[in-house]
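To start, the structure under review is shown below, and the notes come after it.
The values are calculated or read from the model by the stated rules, or taken from the named source; none is laboratory data. Keep in mind that this is a model prediction, so the values were computed, not measured. Backbone-built Cβ (ideal geometry, glycine too); neighbour counts: all protein chains shown.
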Amino acid sequence: MQGRRRRKLGIQALLAAALLAAFWWLLDVTAANMAERGIRSGFDFLRDPAGFAIGESLLPFDSADSTLWALAAGLANTLRVALPAILISTLLGTLIGLGRLSTNLLLRGLCTAYVETLRNVPLLLQLLAWYFVVTDLLPLASEALQLAPRVFLSKSGLSLPWFGGDGGLFDLPLRGEMGIVGGAALTPEFLALLLGLSLYTAAYVAETVRAGIQSVPRGQSDAALALGLTRVQLFRLVLLPQALRSIIPPLTNQHLSLTKNASLAVAIGYPDLVSVANTTLNQTGRAAECIALIMAVYLILSLLTAWLSAWLERRTGRWAERS
Amino acid sequence: MNRIAASRAWLRRNLFADAFSGATTLLLLAGAIYWLPGLIDWMLLQAVFRPDAAACQAVNHAGACWGVVAEKYRFILFGRYPHAEQWRPLLATALLLAVIVASGLRLLSRRSLVTAWTLVLPSFFILMGGGSFGLTPVGSDQWGGFPLTLLLAAMGMLLAFPLAIGVALGRQSDLPLLRGLCAVYVELVRGVPLISVLFLASFLFPIILPQGVSIDVLLRVQAGIVLFAAAYLSETIRGGLQAVPAGQHDAAAALGLGRWQAMRWIILPQALRAVVPSMMNSAVSVFKDTSLVTVVSLYELTGSLSLALAGDAEWRSFYLEGYLFIGLIYWIGCYAMSRFSRGFESRVGAGGTAI
């Protein structure tokens, strides 16, 4: 026993030494390379003026603002697209998942076709296709499609009524000769990303929801129906509370992948965190720092989501026991 | 009479089970009547199939312009690979696909499968790269299109697999340091988007290599994909290892097998078999994820489509048809893999070899 423990310690000491040596060697080589190429290192560039513009931003941003603020604006843009996409994909995915369990053959077939199509084509391709559809195939702003009263869709994006404006509580968009004025405007980049992320993730959410509901033993439905519960009651009081327990952990995972997938914004020019960091990288040459920042932010988001998920699990566990 | 009654019962059960189901059926049929003719019109009746840009422009998106595929398919499928030499990537892809399909469907015995892989992999690189057997050399910066997609995905899975097994075993090790290291690697990679790993491979790998050593961008990106895939795969395999009952360890020990022997002959085979469907899911993800290498300027299928159309004013407005074409290629690959995994599940389930 004593010998075994000593051997374990020895192996670990060797491992640690090898790691340290490798790390030191790597640092040495990197430092030499950077000196050779005249690359400076450090995070001081974060305080310098960014020197580039950001296409759209939730936070007020100007190219004279600091790089750090540009990255913050990028992160805000990531969340601005990820949060609504999470909401839409969860709602749509839940409906589609339930549709796949329907007794109606047509509905079941349609929902299955949706899932099998969207899941089996790369998200990047879908995003590029949506972006092309929005920016190339839609009409010009002066001939915008009217989807609903005061909601216009065109090459320049989606305009819809929003709070505020000069004339009162609501600011209403109007279609004129020169395009659309007023209201809140969503850019084509934002629209394509929101649409692409939501529809793609909805297919995965649908599978999660379906698997969750199917994980509830069939006897539960039979017993509930035998007790005289209606189908709605059966779903709300028996299936859902039990299914949620197995749905929530993979569902939060889907939400997390959606947030990570929002980084594909860089391919269609929506200024999310990764795209802003990429621009910074190209301008300052601080590759290691920029990549480290992206990774750190995403790791923090992942940890936060993991905590949130654990908290939700505890809560739904209690809720299921109560009801 | 009986037939009619049976089909009425079928209709009632599947389409008109209750008021809600009936309403859904009618609504969906109405939708189909409203949308389908337009779709068929666009896809087939008004579509232009000839590689004739003028005819496509004349139709003005009222019908699909499949002519863009007819005109550009070689560029889309093979990227910038020299035109006269494109039989080489075609043959290389066919060989690699054949050996992948043969492995999946178990068309060959285990021994001939090993032989096939050891023959096909080097031939793939010889055919693509040239430089021997009288083939003109073609630098990897000119590789592109579907062969590149297939290469990145296949090598990604193939190389990630042993690494993932190592990491999964490392996470079960009784050495806290090794366990911690493997855990940090897995959680780190799974916490960040693939794009950041590709940036790392493309921008940072050159800086951390000793001077004089340079590896080309394809190899660096391939390494990035392997590292990324291995983290996810190792979690899957770890799940499989945990699913093997403790009794199996005890039984192996009672038979006098050492730890490594038990792992090799008893535990791992059962663990891996249990997670084949999840590993196929990883393979599907890797196959789809290869499209991201466009962002670091490697022109696989998605990238070569942009390359083929972006610079050509005549065809530039028919991207959608191009996207649908390559979308179909991706779809066939992914769907085939997921069907295989479902087939495996039911086969193992029926055979009773499942754990």
Residues within region B:1-26 that are within 11 Å of another protein chain (Cβ to nearest Cβ) and either within 39 Å of the chain's Cα centre (by Cα) or part of a helix (DSSP H, G or I) (or both), tallied: 13
statement: All-but-one check, A:Ile88 against (1) in a loop (DSSP other than H, G, I, E, B); (2) at pLDDT 95 or above, failing number (1)
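Per-residue answers, yes or no, for (1) under 19 Å from B:Leu148 (Cβ atoms); (2) of a type in the set (Ser, Thr, Tyr):
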| site | (1), (2) |
| --- | --- |
| B:Gln261 | no, no |
| B:Thr290 | yes, yes |
| B:Ile329 | yes, no |
| B:Cys334 | yes, no |
| B:Arg347 | no, no |
- prompt: Do any residues in region B:169-194 that are on the phi < 0 side of the Ramachandran plot have Cβ atoms under 7 Å from those of residues that are outside any helix (DSSP H, G or I), where the two are at least six apart or on different chains, and which pairs are they?
  reply: B:Arg179/B:Arg171; B:Arg179/B:Ser173; B:Cys182/B:Arg171; B:Ala183/B:Arg171
message: Let me confirm something: among B:Gly239, B:Gly247, which residue is part of a helix (DSSP H, G or I) and either closer than 17 Å to B:Gly166 by Cβ or in contact (Cβ under 8 Å) with a residue 12 or more places away in the chain (or both)?
response: B:Gly239
message: Going by what's in this entry, would A:Thr78 be described as buried (at least 19 other Cβ atoms within 10 Å of the Cβ), at pLDDT 85 or above, within 14 Å of another protein chain (Cβ to nearest Cβ) and within 27 Å of the chain's Cα centre (by Cα)?
response: yes
- prompt: So which residues in region A:149-175 are modelled with pLDDT under 70 and not in a loop (DSSP other than H, G, I, E, B)?
  reply: A:Phe170
task: Look at region A:96-115 and say how many of its residues are surrounded by fewer than 20 Cβ atoms within 10 Å (Cβ to Cβ), touching a residue at least 40 places away in the same chain (Cβ under 8 Å) and assigned to a helix (DSSP H, G or I).
output: 2
message: So, restricting to helices (runs of 4 or more DSSP H) that lie completely within region B:250-355, which ones have at least 3 residues that are surrounded by 12 or more Cβ atoms within 10 Å (Cβ to Cβ) and either without any contact (Cβ under 8 Å) to a residue 40 or more places away in the chain or touching a helix residue (DSSP H, G or I) at 6+ places or on another chain (Cβ under 9 Å) (or both)?
response: B:268-274, B:276-289, B:301-310, B:319-351
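Give the number of residues within region A:276-292 that are outside any helix (DSSP H, G or I) and either modelled with pLDDT of 85 or more or away from every other protein chain (no Cβ under 12 Å) (or both). Break it down stepwise before answering.
Kept after step one, since they are outside any helix (DSSP H, G or I), are these residues of region A:276-292: A:285-286.
Checking which are either modelled with pLDDT of 85 or more or away from every other protein chain (no Cβ under 12 Å) (or both) leaves us with none.
Looking only at that region, the number is 0.
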task: Taking A:Asn120 as meeting all but one of (1) closer than 15 Å to B:Leu328 by Cα; (2) in contact (Cβ under 8 Å) with a residue 60 or more places away in the chain, write down the number of the exception.
output: (2)
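Looking at B:Val167, B:Val184 in this structure, which one is over 21 Å from the mean Cα position of the chain (by Cα), buried (at least 22 other Cβ atoms within 10 Å of the Cβ) and assigned by TED's automatic domain parsing to the domain that holds B:Ala271? Walk me through it before giving the result.
Values: B:Val184 fails: buried (at least 22 other Cβ atoms within 10 Å of the Cβ).
Of the residues listed, the single one that is over 21 Å from the mean Cα position of the chain (by Cα), buried (at least 22 other Cβ atoms within 10 Å of the Cβ) and assigned by TED's automatic domain parsing to the domain that holds B:Ala271 is B:Val167.
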task: Taking the options B:Leu219, B:Leu204, name whichever one is out of contact with any Asp or Glu (no Cβ under 8 Å at 6 or more places or on another chain), more than 14 Å from chain A (Cβ to nearest Cβ) and either without any contact (Cβ under 8 Å) to a residue 12 or more places away in the chain or in a helix (DSSP H, G or I) (or both).
output: B:Leu219
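Let's see how each residue does on (1) at pLDDT 90 or above; (2) under 30 Å from B:Ser297 (Cα atoms); (3) not hydroxyl-bearing (Ser, Thr, Tyr):
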position: A:Leu225; (1), (2), (3): no, no, yes
position: A:Phe235; (1), (2), (3): no, no, yes
position: A:Gln242; (1), (2), (3): no, no, yes
position: A:Pro249; (1), (2), (3): no, no, yes
position: A:His255; (1), (2), (3): yes, yes, yes
position: A:Ser263; (1), (2), (3): yes, yes, no
position: A:Ala267; (1), (2), (3): yes, yes, yes
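State the number of residues belonging to region B:168-200 that are farther than 22 Å from A:Leu301 by Cβ and assigned to a helix (DSSP H, G or I).
Going through region B:168-200, the residues farther than 22 Å from A:Leu301 by Cβ turn out to be B:168-182.
Those still in the list that are assigned to a helix (DSSP H, G or I) too: B:168-170, B:176-182.
Residues in region B:168-200 being farther than 22 Å from A:Leu301 by Cβ and assigned to a helix (DSSP H, G or I): 10 in total.
State which residue is nearest to B:Leu320 (Cα to Cα) when the search covers only region A:128-149 and only residues that are more than 14 Å from chain B (Cβ to nearest Cβ) and surrounded by fewer than 17 Cβ atoms within 10 Å (Cβ to Cβ).
Going through region A:128-149, the residues more than 14 Å from chain B (Cβ to nearest Cβ) turn out to be A:140-149.
Applying the additional criterion that residues be surrounded by fewer than 17 Cβ atoms within 10 Å (Cβ to Cβ) yields A:140, A:142-143, A:145-149.
Values: A:Leu140: 18, A:Ser142: 24, A:Glu143: 22, A:Leu145: 20, A:Gln146: 23, A:Leu147: 23, A:Ala148: 26, A:Pro149: 29 Å.
Checking each candidate, the answer is A:Leu140.
State the number of residues belonging to region A:293-320 that are within 12 Å of chain B (Cβ to nearest Cβ) and either in contact with a Pro (Cβ under 9 Å, 6 or more places away or on another chain) or not β-branched (Val, Ile, Thr) (or both). Working first, answer last.
So in region A:293-320, the residues within 12 Å of chain B (Cβ to nearest Cβ) come out as A:293-306.
Cutting the leftovers down to either in contact with a Pro (Cβ under 9 Å, 6 or more places away or on another chain) or not β-branched (Val, Ile, Thr) (or both) gives us A:293-296, A:298-299, A:301-304, A:306.
Residues that pass the stated criteria total 11.
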task: For B:Leu305, indicate whether it is in contact with a Gly (Cβ under 7 Å, 6 or more places away or on another chain) and within 13 Å of chain A (Cβ to nearest Cβ).
output: yes
query: Can you find a residue in region A:8-25 that is under 24 Å from A:Ala287 (Cβ atoms) and more than 12 Å from chain B (Cβ to nearest Cβ)?
result: yes
- line: Filtering region A:202-258 down to residues that are within 17 Å of A:Ala310 (Cα to Cα) and either in contact with a strand residue (DSSP E or B) (Cβ under 7 Å, 6 or more places away or on another chain) or of a type in the set (Lys, Arg) (or both) yields A:Arg245
- prompt: Quick one: how many residues across region A:10-57 are surrounded by 12 or more Cβ atoms within 10 Å (Cβ to Cβ) and within 24 Å of B:Pro176 (Cβ to Cβ)?
  reply: 6
query: Does A:Ile294 satisfy the condition of being crowded, with 19+ Cβ neighbours inside 10 Å and either of a type outside the set (Asp, Glu) or more than 14 Å from the chain's Cα centre (by Cα) (or both)?
result: yes
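Of these, A:Leu87, A:Leu92, which one is exposed (fewer than 15 other Cβ atoms within 10 Å of the Cβ), under 21 Å from the mean Cα position of the chain (by Cα) and away from chain B (no Cβ under 13 Å)?
A:Leu87
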- request: Among residues belonging to region B:74-105 that are over 17 Å from B:Gly333 (Cβ atoms) and surrounded by fewer than 16 Cβ atoms within 10 Å (Cβ to Cβ), point out the one that is farthest from the chain's Cα centre (by Cα).
  value: B:Ala84
field: Selected residue [more than 30 Å from A:Ile39 (Cβ to Cβ) and modelled with pLDDT of 90 or more] from B:Gly256, B:Gly166, B:Gly191
entry: B:Gly166
